[in-house]
Amino acid sequence: MNKFQITIASAVLALGAGTAAQAQFSMPSVSGMKGLVGGGGASAGDLTGQQDSLVRGYVAANKDVLNANSLMAEALGLKTAAATSAATSASLTEGATKDSLEESNKAVAASTSAVAAEMAKKPVLDANSKALYSKGLVLLGTGTTKLVAVGKNVSTMGSSLKSASPMQLPKLQSAVYIVSNFPGSMSNVGGALQNAIAFAQSQDIPVPTDANDALKAL
(Lines give C-alpha, C1' and ligand atoms only; values in the text may rest on other atoms or scores of the structure.)
Protein backbone atom coordinates (compact mmCIF):
# COMPACT_ATOMS: atom_id res chain seq x y z
CA MET A 1 0.00 0.00 0.00
CA ASN A 2 1.50 3.37 -1.05
CA LYS A 3 1.45 6.59 0.98
CA PHE A 4 -1.58 7.93 -0.93
CA GLN A 5 -3.61 4.79 -0.20
CA ILE A 6 -2.56 4.86 3.47
CA THR A 7 -3.69 8.50 3.78
CA ILE A 8 -7.11 7.74 2.30
CA ALA A 9 -7.56 4.61 4.39
CA SER A 10 -6.79 6.66 7.50
CA ALA A 11 -9.35 9.31 6.51
CA VAL A 12 -12.09 6.74 6.08
CA LEU A 13 -11.29 5.07 9.38
CA ALA A 14 -11.39 8.51 11.01
CA LEU A 15 -14.93 9.02 9.74
CA GLY A 16 -17.17 7.24 12.22
CA ALA A 17 -20.29 7.46 14.29
CA GLY A 18 -22.23 5.49 16.83
CA THR A 19 -25.15 3.37 15.69
CA ALA A 20 -27.69 5.86 16.95
CA ALA A 21 -26.15 8.74 15.03
CA GLN A 22 -26.05 6.69 11.85
CA ALA A 23 -29.73 5.86 12.18
CA GLN A 24 -30.74 9.44 12.95
CA PHE A 25 -28.92 11.00 10.03
CA SER A 26 -29.07 8.09 7.54
CA MET A 27 -25.29 8.00 7.29
CA PRO A 28 -23.69 5.33 5.08
CA SER A 29 -22.34 2.31 6.91
CA VAL A 30 -18.55 2.19 6.92
CA SER A 31 -16.39 -0.41 8.59
CA GLY A 32 -14.68 1.06 11.66
CA MET A 33 -16.99 4.07 12.04
CA LYS A 34 -16.63 5.68 15.46
CA GLY A 35 -16.67 9.11 16.99
CA LEU A 36 -17.95 11.16 14.04
CA VAL A 37 -20.10 13.31 16.33
CA GLY A 38 -17.58 15.43 18.18
CA GLY A 39 -17.42 18.65 20.06
CA GLY A 40 -18.27 20.99 17.20
CA GLY A 41 -14.70 22.14 16.60
CA ALA A 42 -15.36 23.29 13.01
CA SER A 43 -17.86 26.02 12.14
CA ALA A 44 -20.77 25.39 9.80
CA GLY A 45 -19.25 27.79 7.27
CA ASP A 46 -15.90 25.98 7.31
CA LEU A 47 -17.51 22.58 6.83
CA THR A 48 -19.86 23.79 4.11
CA GLY A 49 -16.96 25.36 2.23
CA GLN A 50 -14.92 22.18 2.52
CA GLN A 51 -17.87 20.14 1.30
CA ASP A 52 -18.44 22.43 -1.68
CA SER A 53 -14.78 22.13 -2.70
CA LEU A 54 -14.82 18.36 -2.25
CA VAL A 55 -17.98 17.95 -4.33
CA ARG A 56 -16.64 20.17 -7.12
CA GLY A 57 -13.46 18.13 -7.39
CA TYR A 58 -15.26 14.80 -7.23
CA VAL A 59 -17.83 15.85 -9.83
CA ALA A 60 -15.12 17.13 -12.19
CA ALA A 61 -13.27 13.82 -11.92
CA ASN A 62 -16.40 11.74 -12.45
CA LYS A 63 -17.44 13.82 -15.47
CA ASP A 64 -14.07 13.20 -17.12
CA VAL A 65 -14.25 9.47 -16.40
CA LEU A 66 -17.81 9.24 -17.73
CA ASN A 67 -16.88 11.12 -20.90
CA ALA A 68 -13.81 8.91 -21.27
CA ASN A 69 -15.95 5.79 -20.97
CA SER A 70 -18.38 7.24 -23.49
CA LEU A 71 -15.65 7.73 -26.10
CA MET A 72 -14.03 4.36 -25.46
CA ALA A 73 -17.40 2.60 -25.52
CA GLU A 74 -18.18 4.24 -28.84
CA ALA A 75 -14.79 3.16 -30.18
CA LEU A 76 -15.63 -0.40 -29.15
CA GLY A 77 -19.06 -0.28 -30.78
CA LEU A 78 -21.06 0.02 -27.54
CA LYS A 79 -23.41 2.78 -28.64
CA THR A 80 -25.93 2.43 -25.82
CA ALA A 81 -23.25 2.47 -23.13
CA ALA A 82 -21.60 5.44 -24.84
CA ALA A 83 -24.85 7.44 -24.89
CA THR A 84 -25.67 6.60 -21.26
CA SER A 85 -22.26 7.70 -20.02
CA ALA A 86 -22.41 10.96 -21.96
CA ALA A 87 -25.92 11.72 -20.67
CA THR A 88 -24.97 11.01 -17.06
CA SER A 89 -21.93 13.24 -17.34
CA ALA A 90 -24.02 16.08 -18.78
CA SER A 91 -26.52 15.85 -15.91
CA LEU A 92 -23.90 15.87 -13.16
CA THR A 93 -23.40 19.35 -11.69
CA GLU A 94 -21.07 20.94 -9.14
CA GLY A 95 -23.91 21.20 -6.62
CA ALA A 96 -24.53 17.46 -6.76
CA THR A 97 -26.47 15.88 -3.91
CA LYS A 98 -25.64 12.59 -2.22
CA ASP A 99 -28.21 10.84 -4.43
CA SER A 100 -26.83 12.24 -7.68
CA LEU A 101 -23.27 11.42 -6.60
CA GLU A 102 -24.38 7.87 -5.92
CA GLU A 103 -26.04 7.63 -9.34
CA SER A 104 -22.91 8.93 -11.06
CA ASN A 105 -20.81 6.37 -9.22
CA LYS A 106 -23.13 3.60 -10.39
CA ALA A 107 -22.87 4.92 -13.95
CA VAL A 108 -19.06 5.02 -13.75
CA ALA A 109 -18.97 1.44 -12.46
CA ALA A 110 -21.42 0.18 -15.09
CA SER A 111 -19.74 1.88 -18.02
CA THR A 112 -16.28 0.83 -16.83
CA SER A 113 -17.44 -2.78 -16.60
CA ALA A 114 -19.02 -2.64 -20.06
CA VAL A 115 -15.84 -1.24 -21.63
CA ALA A 116 -13.66 -3.78 -19.81
CA ALA A 117 -15.85 -6.68 -20.91
CA GLU A 118 -15.66 -5.59 -24.54
CA MET A 119 -11.90 -5.08 -24.39
CA ALA A 120 -11.55 -8.61 -22.99
CA LYS A 121 -12.92 -9.89 -26.30
CA LYS A 122 -9.82 -8.40 -27.96
CA PRO A 123 -11.56 -6.65 -30.85
CA VAL A 124 -9.45 -5.18 -33.65
CA LEU A 125 -10.07 -1.44 -34.00
CA ASP A 126 -9.89 0.51 -37.23
CA ALA A 127 -8.16 3.88 -37.53
CA ASN A 128 -11.26 5.92 -36.65
CA SER A 129 -12.01 3.77 -33.61
CA LYS A 130 -8.40 4.04 -32.45
CA ALA A 131 -8.62 7.83 -32.65
CA LEU A 132 -11.80 7.84 -30.54
CA TYR A 133 -10.26 5.46 -28.05
CA SER A 134 -7.17 7.64 -27.73
CA LYS A 135 -9.33 10.69 -26.95
CA GLY A 136 -11.11 8.67 -24.29
CA LEU A 137 -7.81 7.57 -22.79
CA VAL A 138 -6.71 11.21 -22.47
CA LEU A 139 -9.89 12.01 -20.53
CA LEU A 140 -9.52 8.93 -18.37
CA GLY A 141 -6.03 10.11 -17.50
CA THR A 142 -7.19 13.61 -16.55
CA GLY A 143 -10.12 12.21 -14.59
CA THR A 144 -7.82 9.91 -12.65
CA THR A 145 -5.43 12.77 -11.91
CA LYS A 146 -8.34 14.88 -10.63
CA LEU A 147 -9.52 12.02 -8.45
CA VAL A 148 -6.05 11.65 -6.92
CA ALA A 149 -6.16 15.36 -6.09
CA VAL A 150 -9.58 14.91 -4.49
CA GLY A 151 -8.03 12.27 -2.24
CA LYS A 152 -5.99 14.92 -0.48
CA ASN A 153 -9.18 16.81 0.38
CA VAL A 154 -10.90 13.59 1.44
CA SER A 155 -8.32 13.17 4.20
CA THR A 156 -8.92 16.73 5.45
CA MET A 157 -12.71 16.40 5.23
CA GLY A 158 -12.65 13.09 7.08
CA SER A 159 -10.88 14.76 9.99
CA SER A 160 -13.23 17.76 9.92
CA LEU A 161 -16.33 15.59 10.01
CA LYS A 162 -15.18 14.13 13.31
CA SER A 163 -15.82 17.52 14.91
CA ALA A 164 -19.20 18.12 13.26
CA SER A 165 -22.15 18.57 15.58
CA PRO A 166 -25.42 16.62 15.17
CA MET A 167 -27.02 19.84 13.89
CA GLN A 168 -24.47 20.08 11.05
CA LEU A 169 -24.50 16.47 9.86
CA PRO A 170 -27.75 16.55 7.84
CA LYS A 171 -26.24 19.24 5.60
CA LEU A 172 -23.00 17.35 5.07
CA GLN A 173 -24.30 14.13 3.53
CA SER A 174 -22.53 14.74 0.20
CA ALA A 175 -19.21 15.01 2.02
CA VAL A 176 -19.94 11.93 4.14
CA TYR A 177 -20.79 9.98 0.97
CA ILE A 178 -17.61 10.98 -0.84
CA VAL A 179 -15.32 10.30 2.12
CA SER A 180 -16.95 6.91 2.72
CA ASN A 181 -16.94 5.82 -0.91
CA PHE A 182 -13.69 7.35 -2.13
CA PRO A 183 -11.47 4.26 -1.70
CA GLY A 184 -13.83 2.23 -3.90
CA SER A 185 -14.00 4.99 -6.51
CA MET A 186 -10.24 5.34 -6.62
CA SER A 187 -9.74 1.58 -6.93
CA ASN A 188 -12.31 1.34 -9.73
CA VAL A 189 -10.93 4.23 -11.77
CA GLY A 190 -7.30 3.29 -11.16
CA GLY A 191 -7.98 -0.26 -12.31
CA ALA A 192 -9.84 1.02 -15.36
CA LEU A 193 -6.88 3.21 -16.32
CA GLN A 194 -4.42 0.32 -16.06
CA ASN A 195 -6.73 -1.88 -18.14
CA ALA A 196 -7.29 0.84 -20.75
CA ILE A 197 -3.56 1.46 -21.15
CA ALA A 198 -2.87 -2.27 -21.55
CA PHE A 199 -5.54 -2.49 -24.26
CA ALA A 200 -4.13 0.55 -26.06
CA GLN A 201 -0.70 -1.04 -26.11
CA SER A 202 -2.14 -4.27 -27.51
CA GLN A 203 -3.74 -2.25 -30.33
CA ASP A 204 -0.61 -0.21 -31.07
CA ILE A 205 -2.39 2.94 -29.90
CA PRO A 206 0.12 5.47 -28.51
CA VAL A 207 -0.55 6.01 -24.81
CA PRO A 208 -1.17 9.75 -24.17
CA THR A 209 1.06 11.57 -21.70
CA ASP A 210 -1.98 12.38 -19.53
CA ALA A 211 -2.70 8.68 -19.08
CA ASN A 212 0.91 7.77 -18.31
CA ASP A 213 1.25 10.61 -15.81
CA ALA A 214 -1.99 9.58 -14.09
CA LEU A 215 -0.79 5.99 -13.84
CA LYS A 216 2.40 7.15 -12.13
CA ALA A 217 0.34 9.16 -9.63
CA LEU A 218 -1.63 6.13 -8.45
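The values are calculated or read from the model by the stated rules, or taken from the named source; none is laboratory data. Here the structure is a predicted model, which is why all the values come from computation and not from measurement. Quick note on the areas: whole protein, heavy atoms, side chains included, nothing else; ligands and nucleic acids left out. Shrake-Rupley method; radii C 1.70, N 1.55, O 1.52, S 1.80 Å.
Listed values, structure above:
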item: Spatial separation of Cα centroids for segment 53-103 and segment 106-138, in angstrom; result: 15 Å
item: J(HN,Hα) series, segment 69-85, from Karplus relation 6.51 cos²θ - 1.76 cosθ + 1.60, nearest Hz, glycine and proline x; result: 5, 4, 5, 5, 5, 5, 4, 8, x, 9, 5, 5, 4, 5, 5, 5, 5
item: Accessible area of segment 90-218 belonging to carbon and sulfur atoms, whole % at 1.4 Å probe; result: 55 percent
item: Per residue accessible area of segment 105-218, 1.4 Å probe, in Å²; result: 44 Å²
item: Listed pairs K106/K130; K135/K216; K63/K122; K122/K152; K130/K216; K171/K216 exceeding 31 Å between Cα atoms; result: K122/K152; K171/K216
